[in-house]
2 protein chains.
Amino acid sequence: MIIGVVGLGLIGGSLCKAIKRNTDHTVFGFDIDKNINSYALMDGSIDKEISDSNINECDYILISVYPKATVDFLKEKSHLIRKGAVVIDCGGVKRSICENLFNVAENHGFHFIGGHPMAGLHHSGYKYSKADLYKGASMILTPQNTDDIGLLEEVSGFIKSLGFSSVTVTTPQNHDKIIAFTSQLAHVVSNAYVKSPQAKVHKGFSAGSYKDLTRVAKLNENMWSELFLLNKDNLLFEVDCIINSLSEYKEALQNDDAETLKALLKDGSDRKKAIDN
Amino acid sequence: MIIGVVGLGLIGGSLCKAIKRNTDHTVFGFDIDKNINSYALMDGSIDKEISDSNINECDYILISVYPKATVDFLKEKSHLIRKGAVVIDCGGVKRSICENLFNVAENHGFHFIGGHPMAGLHHSGYKYSKADLYKGASMILTPQNTDDIGLLEEVSGFIKSLGFSSVTVTTPQNHDKIIAFTSQLAHVVSNAYVKSPQAKVHKGFSAGSYKDLTRVAKLNENMWSELFLLNKDNLLFEVDCIINSLSEYKEALQNDDAETLKALLKDGSDRKKAIDN
């Protein structure tokens, strides 16, 4: 098959490399930065640049640019895409993308499926991309119809052929709700954590817990602010939730209330055990 | 030398095993649970049980029980300890312990130094203890006088002989201030994180960020509530600090204020980069 990959950053670059390493498919790629296109051609991660004149040869198109750019790109190119082709995006939010693109795809006779690869690094850009980024990772898919079993099986097979170990199918609504908790909140909390004045002076004092809590504090503010605002309702719910929880510990501390503090800690500890076991 | 280890949990058990593996010292050990004493004798982690009649043979005594129990133990046994002996505790807070014990030590002619090994697991108890727990870790020491260079050099040499890679000397006040940020806050935030209703339903949706943020959510509520309350002022400062930071992101989200959100995220990201580089 011919696979188009639009956007050759960490995610798209790694998709190209994974396809080349794990399959015999041909890869057409494109990045807005011409140097990246040349580089990807040179190192063999793509076979050809995608253009308006060859995009209709693609059986699959994987889009890995920011959410708003994804919508803009596909609306602009929809008339060029082959009927029956499968287009999957890789954005970190799914409602705003799918609401815009399910209809566009339907009107032009191709399939659009929301996608979100559960993998990443705290570095971005083609230079960090690698063929095994998705090895053992999960891919979330949010199709328009979850009852088109034939299509979903074919797409799952393709996804797994790239190295993903599992595919989770859900609705855009459910994706955005859960991802606000597992990923977006983690980035907000980690980013907020390092704002203490103590952050600058802790050399020699930091055990693993500090390192874990702040690993994702270093982030791409342009991408994440777009993702956060496109999932505002869910993320606000989660931020409120943790502020409320933290306020409970605070109150127990202020009151020297050992029993309540112990109960709060035990509750969190029990919840974590219940999730992981 | 003869080294006494009081409290054979994860920390104390690992100290015994590290001493036996890395040095020729004799280890006298004691745990309140008699079964643990028998087990540690049997597996060779200790050579003998500490008792009131032999504690005066110890050149070093390492105490690894909860802070209040540390103070009680040493006050009760102070008259039995050899003059010139060095006693180091391993508690996670230092002011309350040192304030109580510096004078006791001085009055009885032995040295008391506050200690805090920067190592641990999210499991506790002798059965998880291991000889290499401290390999490459840092040990914080809070001595009464930081200008007794001879004593500190001797103690540092002993600590490093157990496998620690570095020793950080500071005041109890500074220790408690920084540890509130690097360790205590991490445990509070992680424990609070899992209280979202989404925590139960995220299977297939969790990338590394969720795992990192919640790794230390599972904790011993008895130990941590004691540590938190003994460091109430510093921990309250840190909890307030992160609640205030989180409220800033919340406000920017509520106002759809992309520029402020971006600025907040960039500030956190820049701080993290500045710390780690």
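The values are calculated or read from the model by the stated rules, or taken from the named source; none is laboratory data. All figures in this text were calculated on a predicted structure; none of them were measured in a lab. Backbone-built Cβ (ideal geometry, glycine too); neighbour counts: all protein chains shown.
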query = Can you spot a residue in the range B:103-116 that is touching a strand residue (DSSP E or B) at 6+ places or on another chain (Cβ under 7 Å), in contact (Cβ under 8 Å) with a residue 60 or more places away in the chain, farther than 23 Å from B:Asn222 by Cβ and in a helix (DSSP H, G or I)?
reply = no
task = Would you check which residues across the range A:249-275 are within 8 Å of chain B (Cβ to nearest Cβ), at negative phi and among the charged types (D, E, K, R) and list them?
result = A:Lys250, A:Lys262, A:Lys266, A:Asp267, A:Arg271, A:Lys272, A:Lys273
key: Any hit, the range B:130-141, residues being more than 18 Å from the chain's Cα centre (by Cα) and modelled with pLDDT under 95   = no
message = Just to be sure before I move on: is A:Ile88 outside any helix (DSSP H, G or I) and assigned by TED's automatic domain parsing to the domain that holds A:Lys130 in the structure I sent?
response = yes
message = Pairs please, first residue from the range A:71-86 and without any contact (Cβ under 8 Å) to a residue 24 or more places away in the chain, second anywhere and crowded, with 21+ Cβ neighbours inside 10 Å, Cβ atoms under 6 Å, 6+ apart in sequence or on different chains.
response = none
inquiry  = Name the single residue that is farthest from the other protein chains (Cβ to nearest Cβ) among those in the range B:197-225 being within 23 Å of A:Ser166 (Cβ to Cβ) and in a loop (DSSP other than H, G, I, E, B).
reply    = B:Lys203
Scan of the range B:238-248 for residues that are within 26 Å of B:His175 (Cβ to Cβ) and either touching a Gly at 6+ places or on another chain (Cβ under 8 Å) or within 8 Å of another protein chain (Cβ to nearest Cβ) (or both), ordered by number = B:Glu238, B:Val239, B:Asp240, B:Cys241, B:Ile242, B:Ile243, B:Ser245
inquiry  = Looking only at residues that are buried (at least 24 other Cβ atoms within 10 Å of the Cβ) and under 29 Å from B:Lys200 (Cβ atoms) in the range A:160-177, which one is nearest to the other protein chains (Cβ to nearest Cβ)?
reply    = A:His175
message = Please determine whether any residue of the range A:174-182 is within 27 Å of B:Asp276 (Cα to Cα), in contact (Cβ under 8 Å) with a residue 60 or more places away in the chain and out of contact with any strand residue (DSSP E or B) (no Cβ under 8 Å at 6 or more places or on another chain).
response = no
query = So, of the residues in the range B:119-139 that are touching a Phe, Trp or Tyr at 6+ places or on another chain (Cβ under 9 Å) and crowded, with 22+ Cβ neighbours inside 10 Å, which turns out to be nearest to the other protein chains (Cβ to nearest Cβ)?
reply = B:Met139
ask   = If you go through the range B:51-88, how many residues are of a type in the set (S, T, N, Q) and at positive phi?
value = 0
task = Please work out if A:Cys98 is within 18 Å of A:Ile50 (Cβ to Cβ), in contact (Cβ under 8 Å) with a residue 24 or more places away in the chain and either crowded, with 20+ Cβ neighbours inside 10 Å or not hydrophobic (A, V, I, L, M, F, W, C) (or both).
result = no
inquiry  = Whether any residue in the range A:176-184 is assigned to a loop (DSSP other than H, G, I, E, B), at pLDDT 95 or above, among the basic types (Lys, Arg) and within 18 Å of the chain's Cα centre (by Cα) is what I want to check.
reply    = no
query = In the set A:Ser206, A:Ser138, which member is in contact with a helix residue (DSSP H, G or I) (Cβ under 8 Å, 6 or more places away or on another chain) and either of a type in the set (Ser, Thr, Tyr) or outside the structural domain of A:Asn103 (by TED's automatic domain parsing) (or both)?
reply = A:Ser206
ask   = What number of residues within the range B:15-63 are in a helix (DSSP H, G or I), polar (S, T, N, Q) and in contact with a Ser or Thr (Cβ under 7 Å, 6 or more places away or on another chain)?
value = 1
remark   = How many residues of the range B:245-277 are under 22 Å from A:Glu226 (Cα atoms) and surrounded by fewer than 22 Cβ atoms within 10 Å (Cβ to Cβ)? The answer is 20
